[in-house]
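The values are calculated or read from the model by the stated rules, or taken from the named source; none is laboratory data. All of these numbers come straight from a predicted model, not from anything done at the bench. Positions of Cβ are backbone-derived with ideal geometry, glycine not excepted, and every protein chain shown enters the neighbour counts. Heads up: the accessible areas ignore ligands, DNA and RNA and are worked out on the full protein's heavy atoms, side chains in. Shrake-Rupley method; radii C 1.70, N 1.55, O 1.52, S 1.80 Å.
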Amino acid sequence: ISAGSTVVLYFQTLQTIIWQLVSDTSKEVLKATAEAVYNFAQAIATYSRSDFNDLLFFFNSLASKLLSFGDEIRVYMSLLLFKQLITVSPEYFAQYFGAVYSAINETASDKQSFVRIASYNAISCMSRVDQFKFLDMNAADEIFDRTEELIDEFPEDVVESLCLLISTIPDYMKSRIDDLINFCKKIVKLKKNHMILYMNFKWNTEIIDFH
């Protein structure tokens, strides 16, 4: 059996069990599920490219359905899926940019912090899709507005997203260099040991500071 045939068979199996996985109440299980979807999508893209759009359509529909339920754990799962799907194929979401961004931004605004950070990360990933729309819709400003409230509790996630934006929208991020430096200082002051995190963030900020 070829690798392409194997991943297609796994996709058919995954479709039958995915609802059980995404309905779990453990955040760790949901994170692992989203990562597994990312890895599976990568395998489909490599070994069975003709099925790639079908997979993206299926999981985009699933993520949208979960988001529509409104309860926190399902919204959280939806946001994790959107982050991974956008990462694996940003071009697929170009046609849905406005709708996906608005849904992600609005649905999580009144939720607990673990949902808001998932929204923060998913919105940051939208910069992979279209940097101009991302800026036109003030998504970058939204990220900076939310950073202060999230950085103490989720420094790793915040740094991951800000470093991504340094890569995708460097000119805008250069205009916010003072804010970025202040975030670096804040990370150093946290009680936990985040020196490696700080050094990674500082290295990225220096890239845009001196170029």
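Quick one: in the stretch 132-185, of everything that is outside any helix (DSSP H, G or I) and under 18 Å from the mean Cα position of the chain (by Cα), which residue is nearest to Ser102 (Cα to Cα)?
Met137
Condition test on Ala99, is it touching an Asp or Glu at 6+ places or on another chain (Cβ under 7 Å), closer than 25 Å to Ile169 by Cβ and without any contact (Cβ under 8 Å) to a residue 40 or more places away in the chain?
So Ala99 fails the test.
Go through the residues of the stretch 44-54 one by one and say whether even a single one is of a type in the set (Asp, Glu) and over 30 Å from Phe132 (Cβ atoms).
Yes, because at least one residue in the stretch 44-54 is of a type in the set (Asp, Glu) and over 30 Å from Phe132 (Cβ atoms).
Does Lys174 satisfy the condition of being basic (Lys, Arg), free of Cβ contacts under 8 Å to residues at least 24 places away in the same chain and either surrounded by fewer than 17 Cβ atoms within 10 Å (Cβ to Cβ) or more than 25 Å from Pro90 (Cα to Cα) (or both)?
When the stated conditions are applied, Lys174 does not pass them.
Determine whether Ile86 is touching an Asp or Glu at 6+ places or on another chain (Cβ under 9 Å) and assigned to a helix (DSSP H, G or I).
No, not satisfied.
Looking only at residues in the stretch 145-171 that are under 17 Å from Gln112 (Cα atoms) and in contact (Cβ under 8 Å) with a residue 40 or more places away in the chain, which one is surrounded by the most Cβ atoms within 10 Å (Cβ to Cβ)?
Val158
Quick check on Val29: is it in a helix (DSSP H, G or I), over 18 Å from Ser161 (Cα atoms) and free of Cβ contacts under 8 Å to residues at least 40 places away in the same chain?
Taking the combined requirement at face value, the residue satisfies it.
Out of (1) open to solvent by less than 10 Å² (accessible area, probe 1.4 Å); (2) out of contact with any Ser or Thr (no Cβ under 6 Å at 6 or more places or on another chain), what's the single condition that is false for Arg116?
Among (1) open to solvent by less than 10 Å² (accessible area, probe 1.4 Å); (2) out of contact with any Ser or Thr (no Cβ under 6 Å at 6 or more places or on another chain), Arg116 violates only (1).
Here are Leu55, Leu21, Leu80, Leu62: which of them is in a helix (DSSP H, G or I) and under 15 Å from the mean Cα position of the chain (by Cα)?
Leu80
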